[in-house]
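**Q** Got a structure here, written out as structure tokens. Questions coming.
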Protein chains: 2
Amino acid sequence: MKEFFKVTDLETVFHYIESFDPVGMETVPLNESHNRILAVDVVSDIDIPDFNRSIVDGYAVRASSTFGASDGSPAFITVKGTVDMGEVPDFSIKSGQAASISTGGMLPKGADSVVMIEHTEAIDESTIEVYKSVAPGQHVIESGEDIRNGNRILTAGIRLRPQETGLLAAIGAEKVKVYRKPKIGIISTGDEIVPVNETPKPGQIRDVNTHTLAGFILKSGGIPVPYGIVRDDFDSLFDICSQAVEQSDMVFISGGSSVGSRDFTIDVLSKLPDPEILVHGISISPGKPTILAKSRNKAIWGLPGHVVSAMVVFRIVVKPFIEHIGGLKSTPADKKLFPAKLSRNLSSAQGRTDFIRVRVIEKEDGLWAEPVLGKSGLIHTMLKADGLIEIDINTEGLDKGTMVNVIPV
Amino acid sequence: MKEFFKVTDLETVFHYIESFDPVGMETVPLNESHNRILAVDVVSDIDIPDFNRSIVDGYAVRASSTFGASDGSPAFITVKGTVDMGEVPDFSIKSGQAASISTGGMLPKGADSVVMIEHTEAIDESTIEVYKSVAPGQHVIESGEDIRNGNRILTAGIRLRPQETGLLAAIGAEKVKVYRKPKIGIISTGDEIVPVNETPKPGQIRDVNTHTLAGFILKSGGIPVPYGIVRDDFDSLFDICSQAVEQSDMVFISGGSSVGSRDFTIDVLSKLPDPEILVHGISISPGKPTILAKSRNKAIWGLPGHVVSAMVVFRIVVKPFIEHIGGLKSTPADKKLFPAKLSRNLSSAQGRTDFIRVRVIEKEDGLWAEPVLGKSGLIHTMLKADGLIEIDINTEGLDKGTMVNVIPV
């Protein structure tokens with residue numbers, strides 16, 4: 001009755017990411033586009049700005065009028081008028097002339113630069129002294145200098161940060177085409193599991209994984225769709241699983257930690273439409289008994305029942321799959337790993353990738369990663385942890401003081 | 001007509017954080033508590049688990065029955081029954097006896113440990129051979145081992161990550177007391193500014209800051225409340241500002257980049273109820289012309305009009321204020337700075353703190369921070385940036401290759 005997993009290594013598991021298609025697109029108003037994944041390239045159809053714009057308060061001039069100006073030998077310049085904000089100046093200037101202008105104002109014809117107000121002194125109502133020369137283009141954003149008409153300014157697959165939303169505002173994008181948020185079904189299994197609002201009888205525990213997984217799904221840009229707790233029998237699991245696969249873009253089956261329920265999780269997955277069992281066991285710790293199946297182009301995960309194992313598998317293995325179907329093309333900066341020094345020696349078995357929970361501690365000499373030890377069924381070890389560190393499949397252990405990359409959790 | 005700011009240094013600005021009170025609390029259902037700030041300490045009123053629980057599949061035994069067992073000399077043990085998941089076993093075991101048990105099952109009376117199924121072989125229906133000894137407590141989570149009744153398990157002020165939500169589920173917290181999300185009013189000023197849905201005439205530009213600020217507010221846990229664009233005149237700004245201070249927990253006045261509008265921003269702030277102008281200019285670049293005022297215990301910010309300056313000021317200066325009134329007590333891990341090597345020499349003026357936009361590039365020898373240069377009115381420089389690096393007030397510059405901490409944006 002021994003049980004063997006034909007375990008798959010992590011690299012191979014990640015190769016399956018590309019075998020799933022991203023979800024569809026939808027159009028949302030700009031103010032609902034924050035943090036969504038852009039679904040199309042965006043090309044600007046205007047120059048930004050589309051006029052020569054002052055970036056300081058002062059006087060718009062022809063730069064040549066100021067050449068040689070200094071504290072000892074100021075340039076005398078005639079003020080021809082004032083630029084009203086948001087208006088086209090109804091006058092132009094020539095050599096030796098200036099226009100009073102505020103930050104954001106449009107340069108009048110004839111002006112090519114702006115002298116900062118700090119470098120001037122008003123002599124009378126229509127004359128100023130200029131104490132510092134400016135170069136042509138100085139203190140000005142020229143037409144099209146920020147964004148040029150016809151340029152591709154954003155590429156599909158990026159997450160819209162505030163600055164990208166700002167740029168979309170600048171080009172007048174009232175609506176934005178983004179990927180739908182993937183809907184992720186969560187099925188909790190196990191005869192010993194009761195909902196949060198019930199008091200567990202002896203031998204029972206409350207359903208933790210539905211809630212932690214929902215939180216992780218939200219963090220990964222998905223929409224959690226809980227299907228509740230399913231008893232440990234084939235028909236119940238098959239019915240709810242079929243429904244979840246029909247209604248969601250990805251499905252988690254969590255728990256099923258008894259030998260029996262694990263057995264019929266595989267049976268159930270094998271009976272779904274166009275079933276494929278891609279992975280039955282991964283060479284990671286914790287998280288080895290993870291299942292990945294495919295039906296109707298959707299990933300269905302059998303996640304370990306132990307809370308910590310489920311969280312590690314989610315963070316390390318599942319998250320990139322959700323991001324992929326959600327359309328994200330991640331960049332190095334998205335990884336946000338932060339290096340820290342390991343506070344003690346760690347040993348690891350070869351032939352598997354270990355993920356160790358660590359607490360990040362700030363000391364005078366920088367950040368330290370302190371392993372949080374404890375069984376993978378203990379929730380409190382996950383609370384103490386700020387992140388995970390990886391000990392790869394070919395490493396037997398890590399020495400105290402080694403620089404490690406902390407994966408935030 | 002020269003203009004002088006009595007600038008405040010960054011450290012002094014941060015001292016004002018404590019002069020604002022956190023917003024009130026509210027109670028939300030557990031499934032809406034993700035990423036919220038916990039408002040009260042949480043004490044568990046149960047042991048978790050509240051029974052001795054197996055964390056493997058195998059046989060519950062008295063450890064002493066297995067002492068000395070090995071491949072060559074197995075222990076013979078009688079299987080007395082099977083533990084049903086979620087049930088209290090209706091039998092107990094003695095020395096030399098075992099109960100078949102699944103992960104998550106309750107140990108029967110008399111058992112103190114579990115032998116993994118991999119280390120056993122069934123001889124007949126009621127007898128197994130055990131090839132490896134276990135210690136008392138092995139492969140078991142004992143009653144109260146994860147969480148003990150009466151212990152404070154969460155402290156007020158933390159952000160609820162998925163794992164904290166999971167723990168709240170475990171103790172049966174159907175509802176959670178959290179801080180309200182602070183409502184932040186956004187007022188855009190400037191006669192040259194038009195809304196996103198209008199086509200700017202020559203000399204005008206669309207309102208960018210309302211949208212970038214809204215995005216940053218959402219990221220910081222607040223609720224953006226846009227008040228639209230206000231013309232550059234005292235009465236309009238006073239009316240809308242009074243309304244915003246009344247209805248929000250914090251207010252941003254963005255833009256007002258002309259000398260005139262800056263002047264009456266201060267005038268308006270000085271006429272609000274119980275006004276205090278705390279800061280008029282900060283010794284940072286970009287972002288110097290930032291105003292911080294207080295009225296009715298609420299912070300009102302005059303933010304620079306240049307988009308990049310506004311973003312830098314938000315990320316560096318304003319964000320900790322929002323987090324504070326939102327109840328967050330941040331930890332070292334919240335900072336999530338990541339070190340990188342600077343790709344070129346940077347000079348800086350002493351007497352101010354510089355924040356340089358950087359792109360993070362992954363090379364074989366690690367992460368590099370590449371300065372993104374360009375005027376602070378150019379949105380595209382902020383798009384290219386993954387973060388900011390700080391050159392402190394007493395540093396004249398940084399050499400290529402220096403390790404810098406990147407503040408993600």
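The values are calculated or read from the model by the stated rules, or taken from the named source; none is laboratory data. Model, not experiment: these values are computed from the prediction. Using ideal geometry, Cβ is built from the backbone for each residue, glycine included, and neighbour counts are taken over all protein chains shown.
**Q** Mind telling me which of the residues A:Val61, A:Val56, A:Val88, A:Val43 ends up being farther than 26 Å from A:Lys319 by Cα and modelled with pLDDT under 95?
**A** Numbers: A:Val61 fails: modelled with pLDDT under 95; A:Val88 fails: modelled with pLDDT under 95; A:Val43 fails: modelled with pLDDT under 95.
After applying the criteria, what remains is A:Val56.
**Q** Here are some residues: B:Leu154, B:Leu167, B:Leu160. Which one is out of contact with any Lys or Arg (no Cβ under 9 Å at 6 or more places or on another chain) and surrounded by fewer than 23 Cβ atoms within 10 Å (Cβ to Cβ)? It would help to see each step written out before you state the result.
**A** Details: B:Leu167 fails: surrounded by fewer than 23 Cβ atoms within 10 Å (Cβ to Cβ); B:Leu160 fails: out of contact with any Lys or Arg (no Cβ under 9 Å at 6 or more places or on another chain).
None of the others qualify; the one that does is B:Leu154.
**Q** Please give the strands (runs of 3 or more DSSP E) falling wholly within the stretch A:155-238 in which 2 or more residues are of a type outside the set (Ser, Thr, Tyr) and under 30 Å from A:Asp45 (Cα atoms). Reasoning before the result, please.
**A** Details: elements: A:175-179, A:183-189, A:223-230.
Per the criteria, A:175-179.
**Q** Right, something else. Is it the case, given these coordinates, that B:Ser254 is in contact (Cβ under 8 Å) with a residue 60 or more places away in the chain and over 26 Å from B:Arg159 (Cβ atoms)?
**A** Working: in contact (Cβ under 8 Å) with a residue 60 or more places away in the chain: yes; over 26 Å from B:Arg159 (Cβ atoms): yes.
Yes: the conditions hold for B:Ser254.
**Q** Another question, if that's okay. Only one residue in A:Leu237, A:Leu218, A:Leu278, A:Leu269 is closer than 23 Å to A:Val317 by Cβ and crowded, with 24+ Cβ neighbours inside 10 Å. Which one? Don't jump to the end; show me each part of the working.
**A** On the way: A:Leu237 fails: crowded, with 24+ Cβ neighbours inside 10 Å; A:Leu218 fails: crowded, with 24+ Cβ neighbours inside 10 Å; A:Leu278 fails: crowded, with 24+ Cβ neighbours inside 10 Å.
That would be A:Leu269, the only listed residue that is closer than 23 Å to A:Val317 by Cβ and crowded, with 24+ Cβ neighbours inside 10 Å.
**Q** For A:Glu164, all conditions in the list (1) within 23 Å of B:Gln163 (Cβ to Cβ); (2) in contact (Cβ under 8 Å) with a residue 60 or more places away in the chain; (3) of a type outside the set (Phe, Trp, Tyr) hold save one; what is the number of the exception?
**A** (1)
**Q** Among the residues of the stretch A:360-408, which ones are among the β-branched types (Val, Ile, Thr) and without any contact (Cβ under 8 Å) to a residue 40 or more places away in the chain?
**A** To start, the set of residues in the stretch A:360-408 that are among the β-branched types (Val, Ile, Thr) comprises A:360-361, A:372, A:379, A:381, A:389, A:391, A:393, A:395, A:402, A:404, A:406-407.
Of everything in the stretch A:360-408, those that are among the β-branched types (Val, Ile, Thr) and without any contact (Cβ under 8 Å) to a residue 40 or more places away in the chain turn out to be A:Ile361, A:Val372.
**Q** Starting from the stretch A:136-157, take each residue that is more than 10 Å from every other protein chain (Cβ to nearest Cβ) and within 30 Å of A:Asn35 (Cβ to Cβ) and list its partners that are hydrophobic (A, V, I, L, M, F, W, C) and surrounded by fewer than 17 Cβ atoms within 10 Å (Cβ to Cβ), counting only C-beta distances under 6 angstrom and pairs at least six apart or across chains.
**A** A:Arg152/A:Val43; A:Ala156/A:Val40
**Q** If you don't mind, there's one more thing I want to ask. So which of B:Asp399, B:Asp354, B:Asp386 ends up being touching a strand residue (DSSP E or B) at 6+ places or on another chain (Cβ under 6 Å) and more than 8 Å from every other protein chain (Cβ to nearest Cβ)? Working first, answer last.
**A** Details: B:Asp399 fails: touching a strand residue (DSSP E or B) at 6+ places or on another chain (Cβ under 6 Å); B:Asp386 fails: more than 8 Å from every other protein chain (Cβ to nearest Cβ).
B:Asp354 is the lone residue from the list that is touching a strand residue (DSSP E or B) at 6+ places or on another chain (Cβ under 6 Å) and more than 8 Å from every other protein chain (Cβ to nearest Cβ).
**Q** Quick one: how many residues across the stretch A:127-142 are surrounded by fewer than 19 Cβ atoms within 10 Å (Cβ to Cβ) and either in contact with a Lys or Arg (Cβ under 8 Å, 6 or more places away or on another chain) or not hydroxyl-bearing (Ser, Thr, Tyr) (or both)?
**A** Of the residues in that region, 7 qualify.
**Q** If I filter the stretch A:315-327 for residues that are buried (at least 21 other Cβ atoms within 10 Å of the Cβ), closer than 29 Å to A:Ile37 by Cβ, within 16 Å of the chain's Cα centre (by Cα) and acidic (Asp, Glu), do I get at least one hit?
**A** yes
**Q** What number goes with the only condition from (1) in contact (Cβ under 8 Å) with a residue 60 or more places away in the chain; (2) more than 11 Å from chain A (Cβ to nearest Cβ); (3) outside any strand (DSSP E or B) that B:Asn35 does not pass?
**A** Here B:Asn35 meets the rest and fails (2).
**Q** Also: Would you mind telling me which numbered condition in (1) farther than 20 Å from B:Lys175 by Cβ; (2) touching a residue at least 40 places away in the same chain (Cβ under 8 Å) A:Glu192 fails?
**A** Tallying (1) farther than 20 Å from B:Lys175 by Cβ; (2) touching a residue at least 40 places away in the same chain (Cβ under 8 Å), A:Glu192 fails exactly one: (2).
**Q** Separate question: Please determine whether any residue of the stretch A:365-372 is buried (at least 22 other Cβ atoms within 10 Å of the Cβ), within 8 Å of another protein chain (Cβ to nearest Cβ) and either small (Gly, Ala, Ser) or at positive phi (or both).
**A** No, every residue in the stretch A:365-372 fails to be buried (at least 22 other Cβ atoms within 10 Å of the Cβ), within 8 Å of another protein chain (Cβ to nearest Cβ) and either small (Gly, Ala, Ser) or at positive phi (or both).
**Q** If I filter the stretch B:214-257 down to residues being in contact with a strand residue (DSSP E or B) (Cβ under 9 Å, 6 or more places away or on another chain) and of a type in the set (Asp, Glu), which single residue comes out as nearest to the other protein chains (Cβ to nearest Cβ)?
**A** In this case the residue turns out to be B:Asp232.
**Q** Which one of these is among the acidic types (Asp, Glu) and touching a helix residue (DSSP H, G or I) at 6+ places or on another chain (Cβ under 9 Å): B:Asp90, B:Asp146?
**A** Working: B:Asp90 fails: touching a helix residue (DSSP H, G or I) at 6+ places or on another chain (Cβ under 9 Å).
Testing whether each residue is among the acidic types (Asp, Glu) and touching a helix residue (DSSP H, G or I) at 6+ places or on another chain (Cβ under 9 Å) leaves just B:Asp146.
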